[in-house]
1. Looking only at the stretch 98-121, which residues are under 18 Å from Met246 (Cβ atoms) and open to solvent by 60 Å² or more (accessible area, probe 1.4 Å)?
2. Consider Leu140 carefully, then state whether it is crowded, with 19+ Cβ neighbours inside 10 Å and not in a strand (DSSP E or B).
3. State the number of residues belonging to the stretch 79-96 that are surrounded by fewer than 16 Cβ atoms within 10 Å (Cβ to Cβ) and over 16 Å from Thr141 (Cβ atoms).
4. Any idea which of Val130, Val72 is aliphatic (A, V, I, L, M), surrounded by 12 or more Cβ atoms within 10 Å (Cβ to Cβ), modelled with pLDDT under 85 and in a loop (DSSP other than H, G, I, E, B)?
5. How about the stretch 143-213: which strands (runs of 3 or more DSSP E) wholly inside it have at least 2 residues that are open to solvent by 10 Å² or more (accessible area, probe 1.4 Å) and among the basic types (Lys, Arg)?
6. Return the pairs, sorted by first residue and then second, in which the second residue is modelled with pLDDT under 95 and hydrophobic (A, V, I, L, M, F, W, C), the first residue lies in the stretch 200-217 and is more than 23 Å from Leu140 (Cα to Cα), the beta carbons are less than 6 Å apart, and the residues are 6+ apart or on different chains.
7. Within the stretch 228-243, restricting attention to residues that are under 17 Å from Asp188 (Cα atoms) and modelled with pLDDT of 90 or more, which residue is farthest from the chain's Cα centre (by Cα)?
Amino acid sequence: MITEPELVGEAGPDGPPDLVSGFDRGPSAGGRRRGLLWAAAGAVVASAVWATAVFAYGIGGDRKPDPRGYRVESGSCAAVELKALSAAVGPAGAPSTELDGIEHPALHRIRCTVDFTVAVVRAPDGEEGVGWSTGYQASLTAELHKETDPRPEFEASSTLTEIDGTGVDRVERVPGLGDLAYLLIMEDESMSVRVVDGGAVVTLTLTSWMSPPDIDNGTESLPEVVDQPEMLAHRAELISDTREVMKALKS
């Protein structure tokens, strides 16, 4: 339990009167001079400490985050190649830039998406073109914070149990990537790698989708539904491409 602070050396009710009432006495001339000297010395020390804090940390102790050489601009989506994922799930198309980018003195942000070549899953009878199709999409969000350190908020986001209406199945640390990195595995089987590196925050997400065949092709019913693609099989490629994107944003 937190109690009221105590005065060190405070006298009890039976203590000598001068210990309790000494602060009420008028100070002597010598005491006033000593008090002025101590006050002046204290002011000098306080000024030195404040100057040191401003020099080291900036006013208020808030330093601007280190950009680490990152450049997040409207044309940065062109740096997204995703070679590892392309080799695993199919060739990647040209990245498209979303319209909600930000170029502000305090924050630069881009969003872009990449669609991979759609693969047609063979139907049980082995005939191509009548089965379900499967496709993948990668989305990148890159932010460069210029005024405030994004790490505290980044660390807090790792405790979220839901993102944009989708539950978080589990969170894993990714060593050796930026200052701090997490792999988020969502309940819809999508995966995201989130990294903070100085003032930069990079998120690369991989999702998949399934599409039924065209029911106007003369078939009487839809073919048997195939299993959803196993996303965790591409965990290493997602991490590798995140690392390459971070390098590209510095070039």
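1. Arg111
2. Values: crowded, with 19+ Cβ neighbours inside 10 Å: yes; not in a strand (DSSP E or B): no.
No; evaluated as a whole, the condition is false for this residue.
3. Start the filter on the stretch 79-96 by keeping residues that are surrounded by fewer than 16 Cβ atoms within 10 Å (Cβ to Cβ), which leaves 81, 83, 87, 91, 93-94, 96.
Keeping just the survivors that are over 16 Å from Thr141 (Cβ atoms) gives 81, 83, 87, 91, 93-94.
Total satisfying the criteria: 6.
4. On the way: Val72 fails: modelled with pLDDT under 85.
Val130 is the lone residue from the list that is aliphatic (A, V, I, L, M), surrounded by 12 or more Cβ atoms within 10 Å (Cβ to Cβ), modelled with pLDDT under 85 and in a loop (DSSP other than H, G, I, E, B).
5. Details: elements: 166-173, 180-186, 191-197, 200-211.
The qualifying strands (runs of 3 or more DSSP E) are 166-173.
6. Partner pairs satisfying both residue conditions: Pro212/Trp132; Pro212/Leu222; Pro213/Val130.
7. Of the residues in the stretch 228-243, the ones under 17 Å from Asp188 (Cα atoms) are 228-235, 238.
Add one more test, that the residue is modelled with pLDDT of 90 or more, and what stays is 233-235, 238.
Numbers: Ala233: 24, His234: 21, Arg235: 19, Leu238: 17 Å.
In this case the residue turns out to be Ala233.
The values are calculated or read from the model by the stated rules, or taken from the named source; none is laboratory data. Because the structure is predicted, anything quoted here is derived from the model rather than measured. Quick reminder, even Gly has a Cβ in these numbers, built from the backbone with ideal geometry, and neighbours come from all protein chains shown. Heavy atoms of the whole protein, side chains included, go into the accessibility calculation; ligands, DNA and RNA do not. Shrake-Rupley method; radii C 1.70, N 1.55, O 1.52, S 1.80 Å.
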